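The values are calculated or read from the model by the stated rules, or taken from the named source; none is laboratory data. Note that the coordinates shown come from a computational prediction; the quantities given were computed from them, not determined experimentally. Using ideal geometry, Cβ is built from the backbone for each residue, glycine included, and neighbour counts are taken over all protein chains shown. What goes into the accessible areas is simple: the full protein's heavy atoms, side chains included, and nothing from ligands, DNA or RNA. Shrake-Rupley method; radii C 1.70, N 1.55, O 1.52, S 1.80 Å.
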Amino acid sequence: MPRLHDHFWSCSCAHSARRRGPPRASAAGLAAKVGEMISASVSGPSLLATHGVPDADPAPGGRSASMSGPEPGGPYPNTWHHRLVQRSLVLFSVGVVLALVLNLLQIQRNVTLFPEEVIATIFSSAWWVPPCCGTAAAVVGLLYPCIDSHLGEPHKFKREWASVMRCIAVFVGINHASAKLDFANNVQLSLTLAALSLGLWWTFDRSRSGLGLGITIAFLATLITQFLVYNGVYQYTSPDFLYIRSWLPCIFFSGGVTVGNIGRQLAMGVPEKPHSD
């Protein structure tokens, strides 16, 4: 009887334990889930993302912080505009200095004649010549690297300041030769200066964009000069190309190449403007 009683007691205990087992397990799982939900609501979106809940967007305007671009008031755009203004001022100053020196040489050799009422100004030159030449130099100097970047052909030939200074010296020499050299006729002088101008481009540039822009600048500047001389603003002695001298386009071409090289050198190491897209 004791053995039968013990066997019956052990079976009933095991059976009752098996009955009470699943409710305890389910209660423990429910408590664990409730704890996880409470901890998730306290800790924030990082734990919700761990359990597959989509993260709330913390950035205003419906964009996440990773997808938002640089702020409009950030330092990058201001730095780009600041460098652009600096380059423009440097190019403007170079154009003013070259205009004063070269135009004074032309006036002293009686190649360019201004009316007496406007010549008694800065360095015996017309007051509007230096600002116009400075503005043109700034536009051309900024245009050359811009065209290079749009064409995808960065200029890498002799990118150093020593080469730029030699290019300026050759340009001044070409302008000096136009006023100093005496040829039998203007055609010979024009052909000589044309060869020197192409030699300047080949020596210091050798780019298709530089050649195309130089020819375009020479053409437009010649038209503007023809218009000014036609309206009596100033005049040239011994004109042989309508109202001007035939070698003047060569001066404009070599000047465009020279200022373009200065602008390219100033643009080295400057990041491009960020695109809106």
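Residue 184 versus residue 243, label points 7 Å from Cα toward the beta carbon: distance in nm?
3.2
How big is the Cα convex hull of region 79-269 in projection, averaged over all directions, in nm²?
10.8
Enumerate the amide H contacts of residue 246 below 5 Å, restricted to partners 5 or more residues apart or on another chain; note that Pro and chain-start residues carry no placed amide H.
Excluding prolines and chain starts, which carry no amide H, the hits are 240, 241.
Residues of region 107-259: accessible area per residue at 1.4 Å, in Å²?
Ligands and nucleic acids excluded, the result is 54 Å² per residue.
What's the magnitude of the charge dipole for region 79-269 around its Cα centre, counting Lys and Arg as +1 and Asp and Glu as -1 at the beta-carbon? Answer in Debye, nearest 20.
The dipole of region 79-269 has a size of about 580 debye.
How large is ³J(HN,Hα), in whole Hz, for each residue of region 89-101 in order, when computed from phi with the Karplus curve 6.51 cos²θ - 1.76 cosθ + 1.60 and θ = phi - 60°, using x for Gly and Pro?
5, 5, 5, 4, 5, 4, x, 5, 5, 5, 5, 5, 5
First compute the accessible area of region 79-269 with a 1.4 Å probe, then give the percent of it belonging to carbon and sulfur atoms.
69
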